[in-house]
Amino acid sequence: MSQVTFSLDGRMVTAEDGETIWQVAKREGVAIPHLCHKDAPGYRSDGNCRACMVDIEGERVLAASCIRTPAEGMVVKTTSERATKAREMVFELLAADQPSRDQHPDPESDFWKWSDRVGVSTSRFAPCAKPAQDISHPAIAVACAPAGKCRSTTSSAWRIGDRTPCRCSIWRTRWGFPLALPAANACRPVRPGP
């Protein structure tokens, strides 16, 4: 098993083969916000929500730490102004489509806990229009369409033709297990909501 050594917020750390920046940061006690990534068996990281973005020296764009593996000598900054401002923007955009926290069905959700930590409680942006009900698949019409929005911030289970386990909290709440859907023209990725 090979290892790589890289800098994480000014400290030299070691990553095991295949370990992501997020996993190393967690092991080293560095909290990086995350929404689409769930640190539990049966979940895969997709990097869709962009809440876990970090600044990598010499790279033009920020990287999703939940899917990015470190390279030897890489310099990663989780608290740079660039990464911090970008994460704040992600949470502010997501908050635009949420009911206010006092009206929210789950005011103690991971979204609100991380929003507190990044310092976002409201949004200056208007909410997006609600999508039309999606009845393209019976499973979606029964579980997801009545809710109006998928509660997951990731759309990996809803891509056309994808048969990955559904991570939608509606499915987990109603049936308690992941479901593989033969998505024909399934849910469009939408921002999380009630």
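The values are calculated or read from the model by the stated rules, or taken from the named source; none is laboratory data. Predicted model, so just to flag it, every value in this text is computed and none were measured. Virtual Cβ from ideal backbone geometry, glycine too; neighbours counted across all protein chains shown. When the accessible area is computed, the model is the full protein with side chains, heavy atoms only, and any ligands, DNA or RNA have been set aside. Shrake-Rupley method; radii C 1.70, N 1.55, O 1.52, S 1.80 Å.
Just to be sure before I move on: is Glu92 open to solvent by 60 Å² or more (accessible area, probe 1.4 Å) and either among the β-branched types (Val, Ile, Thr) or within 23 Å of Val120 (Cα to Cα) (or both) in the structure I sent?
Working: open to solvent by 60 Å² or more (accessible area, probe 1.4 Å): no; either among the β-branched types (Val, Ile, Thr) or within 23 Å of Val120 (Cα to Cα) (or both): yes.
It is false that Glu92 is open to solvent by 60 Å² or more (accessible area, probe 1.4 Å) and either among the β-branched types (Val, Ile, Thr) or within 23 Å of Val120 (Cα to Cα) (or both).
Across segment 95-115, what is the total count of residues that are among the acidic types (Asp, Glu) and surrounded by 12 or more Cβ atoms within 10 Å (Cβ to Cβ)?
Filtering segment 95-115 for residues among the acidic types (Asp, Glu) gives 97, 102, 106, 108, 110.
Subset that is surrounded by 12 or more Cβ atoms within 10 Å (Cβ to Cβ): 97, 106, 110.
Summing the residues that are among the acidic types (Asp, Glu) and surrounded by 12 or more Cβ atoms within 10 Å (Cβ to Cβ) in segment 95-115 gives 3.
Where residues in segment 18-28 are out of contact with any Lys or Arg (no Cβ under 9 Å at 6 or more places or on another chain) and open to solvent by less than 30 Å² (accessible area, probe 1.4 Å), which of them is nearest to Thr69 (Cα to Cα)?
Among those that are out of contact with any Lys or Arg (no Cβ under 9 Å at 6 or more places or on another chain) and open to solvent by less than 30 Å² (accessible area, probe 1.4 Å), it is Val24.
Listed residues Asp9, Asp39; which is more than 19 Å from the chain's Cα centre (by Cα) and either open to solvent by 30 Å² or more (accessible area, probe 1.4 Å) or free of Cβ contacts under 8 Å to residues at least 12 places away in the same chain (or both)?
Checking each option against the conditions leaves just Asp9.
Would you mind finding the one in Ala31, Ala51, Ala15 that is open to solvent by less than 60 Å² (accessible area, probe 1.4 Å), within 27 Å of Thr122 (Cβ to Cβ) and touching a Pro at 6+ places or on another chain (Cβ under 6 Å)?
Step by step, each of Ala31, Ala51, Ala15 is checked, and only Ala51 is open to solvent by less than 60 Å² (accessible area, probe 1.4 Å), within 27 Å of Thr122 (Cβ to Cβ) and touching a Pro at 6+ places or on another chain (Cβ under 6 Å).
Among the residues of segment 54-83 satisfying the criterion of being over 18 Å from His37 (Cβ atoms) and assigned to a helix (DSSP H, G or I), which is least open to solvent (accessible area, probe 1.4 Å)?
Across segment 54-83, the extreme among qualifying residues is Arg82.
Which residue is modelled with the lowest pLDDT, if the candidates are limited to segment 31-44 and must be closer than 21 Å to Thr79 by Cβ and either out of contact with any Ser or Thr (no Cβ under 6 Å at 6 or more places or on another chain) or in a helix (DSSP H, G or I) (or both)?
Taking the candidates together, the pick is Asp39.
Working only within segment 60-105, note down all residues that are acidic (Asp, Glu) and under 17 Å from Arg117 (Cβ atoms). Let's see the steps before the verdict.
Taking segment 60-105 first, the residues acidic (Asp, Glu) are 72, 81, 88, 92, 97, 102.
The answer is Glu81, Glu88, Glu92.
Report whether or not Arg124 is out of contact with any strand residue (DSSP E or B) (no Cβ under 8 Å at 6 or more places or on another chain) and either modelled with pLDDT of 85 or more or loosely packed, with under 13 Cβ neighbours inside 10 Å (or both).
Taking the combined requirement at face value, the residue satisfies it.
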